[in-house]
Amino acid sequence: MKREIISKLQRIVGKNQLTTTPEELLCYSYDGTGREYPPDAVAFPADTAEISAIMRLANAAPFPVVPRGAGSGMTGGSLPVAGGLVLALSRLNRILEIDEKNQLAVVEPGVITGHLRDAVKCRGLFYPPDPASLKFCTMGGNVAECAGGPSAVKYGVTRDYVLGLEVVLPDGTVIRTGVRTAKGVVGYDLTRLFTGSEGTLGIITKITVRLIPYPAARKSFLVQCRDIRQATSLVTEILAAHRPCTLEYLDRTALHIVRDRLPFALAPDSQALLLLEVDGDAGAVAIQAAALHEFLAEKELPAIMRAESAAETEALWAARRAVSPAAFTLKPHKVSEDVVVPRSRIPELVLFVEELAARHGLTIFTFGHAGDGNIHVNIMLDKSNPQEAAGAETAAGALFKEVIRLGGTLSGEHGIGITKACFLPLELDPASLAVMQGIKKFFDPNNILNPGKIFPGPGCPKNN
Ligand SMILES: Cc1cc2nc3c(=O)[nH]c(=O)nc-3n(C[C@H](O)[C@H](O)[C@H](O)COP(=O)(O)OP(=O)(O)OC[C@H]3O[C@@H](n4cnc5c(N)ncnc54)[C@H](O)[C@@H]3O)c2cc1C
């Protein structure tokens, strides 16, 4: 990046809010994928006006701009693959408004998701999206990826709560989308278009979200199963008759890596877990929990435990959230996919994954949001071992093909980014892909905003 551009950027954000020192650039070269792409510079703008000025400059120069929240993305969305400027949104971190009467909140994109959930809980309100990364990921990153979490089975994902946005377009224009009302159908739904756009169409600078009353009561169950087949076959049966707010599962390996963190002892024949919760008002929860317990008691399961205190419930969830980071006790590297299949096909998918692991001599384990059919498939490897590296790549490709064959989709919440871009044509027909590329071109004709993401590039193999 030219010295002259750096000077102009410094004039916009202030000298102290721009860095080009190699050690600081390194910190902004990574995300949850562990891949490394250093930017030329990192800017820390203070507000929408500064972001708009940066985009006008970038569009005219031109140079790439990559928005970044906490950098916890799992598909490389915040990585500056073509160099340029990383736009770190950490200074836009204010909760601007909590409107209790109309049950909504307005936040800046750098607000940590867990902070918003805590702030509204104090007022008896609930912001349901709960990615496992909620203690460190940001609302801007959540909207850009349309993040989800365990509660999606009852409450839905980020897009179900975004009412409106303020967005800076690649040419610096500032637009406002959506409403502050319970309903609204004026014009095209631009709010939904930007939600899940992975930072490729505009920079989100304000977010208005819908809130709901905080559920008064909650009961959690830890259901110990004989094996993964028993666990995954139970999913559709449970959902046919019950309405849990979470329905997660852990396979044998996932269970093994977090077993010491669980607040309960495991039965010797437990080889898989279901983690289930019901919530609502106290009376309804008591009835739902009793019905669920009765249903499960008939299933000849090794054990069914009920969390009796808030501390036990929190310990269960802490163990569930620890699965992803604890995986590194198995191998130094992880390829983490978040595929989705129709719930009735989960048993077929987990069987396929077991065969895939055996075929390639790899450790592959699964866990995730069984209630949504959203399965996290984790391929563990040591990248310095060429056989394992090649096996992991082939296994990921075979997994995606199988997911599509089962009627599923490549990503439930992590997005496409760079890691799945080459596989997009497996799921999207050429005409749909062309429409999406046309939308990108309309918003960003000079391809300056987060280039190299979502769409297959020239380096992709012809027949994936
Ligand atoms: C341990 C762990 C557990 C996780 N669990 C979950 C989970 O349960 N569910 C889930 O959905 N995800 C999960 N993730 C993935 C990740 O946390 C989410 O994708 C999250 O939404 C990313 O937020 P972030 O602030 O880190 O965004 P970043 O990683 O910084 O960015 C993600 C994308 O959003 C874009 N972006 C960021 N801010 C803006 C903005 N203001 N305007 C426009 N574009 C923007 C970036 O350019 C990038 O494309 C997990 C990650 C980890 C490491």
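Scoring 167-179, 68-80 by mean Cβ neighbours within 10 Å over their residues and listing the highest first yields 68-80, 167-179. Remark: the ALA82-GLU4 segment gains 26.1 nm on full extension, using 0.36 nm per residue and subtracting the alpha carbon distance. Unpaired cysteine residues in the chain (no second Cys Cβ under 4.7 Å): CYS27, CYS122, CYS137, CYS146, CYS225, CYS245. Find the relative contact order for region 95-213 and round it to a whole percent, using C-alpha pairs within less than 8 Å whose residues are 6+ positions apart. About 32 percent, as a whole number.
Each DSSP beta bridge with both residues in the chain is either parallel or antiparallel, and the antiparallel ones are about 90%.
Relative contact order of the chain, taken over Cα pairs closer than 8 Å and 6 or more residues apart, is 15 percent.
3J(HN,Hα) along region 377-389, derived from phi through the Karplus expression 6.51 cos²θ - 1.76 cosθ + 1.60 where θ = phi - 60°, amounts to 9, 10, 9, 8, 7, 10, 5, 6, 9, x, 5, 5, 4 Hz, with x in place of Gly and Pro. Each residue of region 52-59 is assigned a 3J(HN,Hα), and the resulting list reads 4, 5, 4, 5, 4, 5, 5, 5 Hz, derived from the Karplus form 6.51 cos²θ - 1.76 cosθ + 1.60 (θ = phi - 60°), x at Gly and Pro. Antiparallel beta bridges, as assigned by DSSP with both residues in region 3-88, represent about 20 percent of the total such bridges.
Any idea how far the Cα center of region 162-232 sits from the one of region 268-305, in Å? Using only Cα atoms, the two centres lie 30 Å from each other.
Taking square-rooted eigenvalues a ≥ b ≥ c of the alpha carbon gyration tensor, is region 217-326 rounded, prolate or oblate, where a/c under 1.5 means rounded and, failing that, a/b exceeding b/c means prolate? In terms of gyration-tensor shape, oblate.
A cut-off of 5 Å between modelled amide H atoms, ignoring neighbours fewer than 5 places along the same chain, links LEU104 with ASP99, LEU211. Here region 389-464 is assigned +1 on the Cβ of each Lys and Arg and -1 on the Cβ of each Asp and Glu. Its dipole about the Cα centre then comes out at about 140 debye. For the chain, take the longest principal axis of its alpha carbons; what is the angle in degrees between that and the long axis of helix 430-443, to the nearest 10 within 0 to 90? Computed tilt is about 50 degrees. Label-to-label distance for ARG11 and ALA434 is 4.4 nm, based on points extended 7 Å past Cα in the beta-carbon direction. What the Cβ-Cβ distance of LYS383 and ASP227 gives, at R0 = 30 Å and to the nearest 0.05, is a FRET efficiency of 0.45. Per-residue Karplus couplings for region 265-280, computed as 6.51 cos²θ - 1.76 cosθ + 1.60 with θ equal to phi - 60°, are listed in order as 6, 9, 5, x, 9, 7, 10, 7, 10, 10, 10, 10, 9, 10, 9, x Hz, Gly and Pro entered as x.
The long axis of helix 282-297 is offset from the longest Cα principal axis of the chain by roughly 60 degrees. Using the Cβ-Cβ distance between ALA241 and ALA217 with R0 set to 22 Å, the FRET efficiency from 1/(1 + (r/R0)^6) comes to roughly 0.65.
Longest segment of the chain with no GluC sites (Glu not before Pro) in a DSSP loop having at most 10 other Cβ atoms within 10 Å? Counting only loop sites that pass the neighbour cut-off, the longest clear stretch is 37-297.
Distance from a point 7 Å along Cα→Cβ of SER344 to each backbone N in region 210-242: keep the residues under 20 Å and list them by number. It comes to 229-242, nothing else. Applying 1/(1 + (r/R0)^6) with r as the Cβ-Cβ distance of GLU36 and THR181 and R0 = 56 angstrom yields a FRET efficiency of 0.80.
Axis of helix 228-241 versus longest Cα principal axis of the chain: the two differ by about 90°, to the nearest ten degrees. Could you list the residues of region 222-249 with an amide nitrogen less than 14 Å from a label point located 7 Å from the Cα of LEU351 in the Cα-to-C-beta direction? From region 222-249, the list is 228-234.
In this structure the amide hydrogen of CYS146, modeled in the peptide plane, comes within under 5 Å of the amide hydrogens of GLY196, none closer than 5 places in sequence on its chain.
Where a number appears in this text, it was derived from the coordinates with a stated rule and is not lab data. Keep in mind that this is a model prediction, so the values were computed, not measured. We place every Cβ from the backbone using ideal geometry, glycine too, and count neighbours over all the protein chains shown.
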